[in-house]
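*Asks:* The structure under discussion is supplied below as structure tokens; questions concerning it will follow.
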Amino acid sequence: MTQQPVTYLQPSSPPTFYGLGVGPGPAGLLPVAALDILQQVDYIYAPRAKVAVQSVALEALRGLPFDPGKVRDIEFNMDGDDDRIAEHYAALAREIAALGQAGKSVAYLTIGDAMTYSTLGYLAAALRREAPELPQKLLPGVTSYAATAALTGFALGEGKERVLILPCPDDIATLAADIAANDIVVLMKVGKRLSAVLDVLRGLGISEHCALGHRLGLSGEVVLPSLEQVPDAQKLGYLSVLLIRKNKPRRFS
């Protein structure tokens, strides 16, 4: 007897808020449970940066079977002002809470994993304050660094190696100390600092066994299993992740 897959959204489910990690870009990396939710919820909120024409999270769903008429484009605010950010997500939480009170379920998309350096964390916390009675279910997604590791054959930790995951520091000089204190550093949110980071890696003599993933599964994708030669470093910082290994990987042969 074939066992039927478990669905996260039953016909009798109460109105619920779903936070979905949609992966780094390739539509095939979306979890099956997340696709099930997308096909059944009433609304799909797709966050979009002010400088972007289209939501990257929505682009990651290209070609998948769901109703695009459910999508609501949401311009998200991450300008560094804590008060404005808090009010932005409080207002969004009140809007979603009103939909829940009207009997509607809502899915909110975020690229990568649902709770790894994600704006979803702000919204989930705001919903707990504004509408504690609204059920929440947050589904994990594939991270950009996990996808980059798989594409480049980069081992994210061997044996008891220490792995540090962090956003690129504003003070690049501190990066060398982070690398010295750990075996592997996963560097996210690199942005315009990529050239400076590459200078640090070359200075340490380790760029050969580091890797980069940029816009995985999206237009303009770049995957580099080594950082000895990086074309257009000035253009590759946004939506990029670096995998930094302090020492050459062990070889068992």
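The values are calculated or read from the model by the stated rules, or taken from the named source; none is laboratory data. Note that the structure is a prediction, hence the values are computed from the model and not measured. Using ideal geometry, Cβ is built from the backbone for each residue, glycine included, and neighbour counts are taken over all protein chains shown.
*Asks:* Which is surrounded by 18 or more Cβ atoms within 10 Å (Cβ to Cβ), touching a residue at least 60 places away in the same chain (Cβ under 8 Å), out of contact with any strand residue (DSSP E or B) (no Cβ under 7 Å at 6 or more places or on another chain) and in the same structural domain as Leu156 (by TED's automatic domain parsing), of Gly217, Gly213? Break it down into steps so the answer makes sense when it comes.
*Replies:* Details: Gly213 fails: out of contact with any strand residue (DSSP E or B) (no Cβ under 7 Å at 6 or more places or on another chain).
It is Gly217.
*Asks:* Please give the number of the condition Leu35 fails out of (1) surrounded by fewer than 24 Cβ atoms within 10 Å (Cβ to Cβ); (2) of a type outside the set (Gly, Ala, Ser); (3) under 17 Å from Glu95 (Cα atoms).
*Replies:* (3)
*Asks:* Related question: For residues that are polar (S, T, N, Q), out of contact with any helix residue (DSSP H, G or I) (no Cβ under 6 Å at 6 or more places or on another chain) and in a helix (DSSP H, G or I), scanning just segment 150-200, find the one that is nearest to Leu239 (Cα to Cα). Give the derivation first.
*Replies:* Here is the first cut: in segment 150-200, the residues polar (S, T, N, Q) are 152, 174, 182, 195.
Applying the additional criterion that residues be out of contact with any helix residue (DSSP H, G or I) (no Cβ under 6 Å at 6 or more places or on another chain) yields 152, 174, 182.
Restricting the remaining residues to those that are in a helix (DSSP H, G or I) gives 152, 174.
Details: Thr152: 17, Thr174: 22 Å.
Restricting to residues being polar (S, T, N, Q), out of contact with any helix residue (DSSP H, G or I) (no Cβ under 6 Å at 6 or more places or on another chain) and in a helix (DSSP H, G or I), the top hit is Thr152.
*Asks:* Exactly one of (1) crowded, with 18+ Cβ neighbours inside 10 Å; (2) in contact (Cβ under 8 Å) with a residue 60 or more places away in the chain; (3) not in a helix (DSSP H, G or I) is unmet by Tyr117. Its number?
*Replies:* Of everything listed in (1) crowded, with 18+ Cβ neighbours inside 10 Å; (2) in contact (Cβ under 8 Å) with a residue 60 or more places away in the chain; (3) not in a helix (DSSP H, G or I), Tyr117 misses just condition (1).
*Asks:* When the residues of segment 71-101 are filtered to those that are over 22 Å from Val56 (Cα atoms) and touching a residue at least 60 places away in the same chain (Cβ under 8 Å), which remaining residue is farthest from the chain's Cα centre (by Cα)?
*Replies:* By that ranking, first place goes to Gln101.
*Asks:* Scan segment 39-59 and give yes if some residue there is of a type in the set (A, V, I, L, M, F, W, C), over 26 Å from Gly191 (Cβ atoms), in contact (Cβ under 8 Å) with a residue 60 or more places away in the chain and not assigned by TED's automatic domain parsing to the domain that holds Leu151, otherwise no. Write out each step before concluding.
*Replies:* Of all residues in segment 39-59, those of a type in the set (A, V, I, L, M, F, W, C) come to 41, 44, 46, 49, 51-53, 56-58.
Narrowing the set further to residues that are over 26 Å from Gly191 (Cβ atoms) leaves 41, 44.
Now restrict to residues that are in contact (Cβ under 8 Å) with a residue 60 or more places away in the chain: 41, 44.
Retained after the next criterion (residues that are not assigned by TED's automatic domain parsing to the domain that holds Leu151): 41, 44.
Within segment 39-59, one or more residues are of a type in the set (A, V, I, L, M, F, W, C), over 26 Å from Gly191 (Cβ atoms), in contact (Cβ under 8 Å) with a residue 60 or more places away in the chain and not assigned by TED's automatic domain parsing to the domain that holds Leu151.
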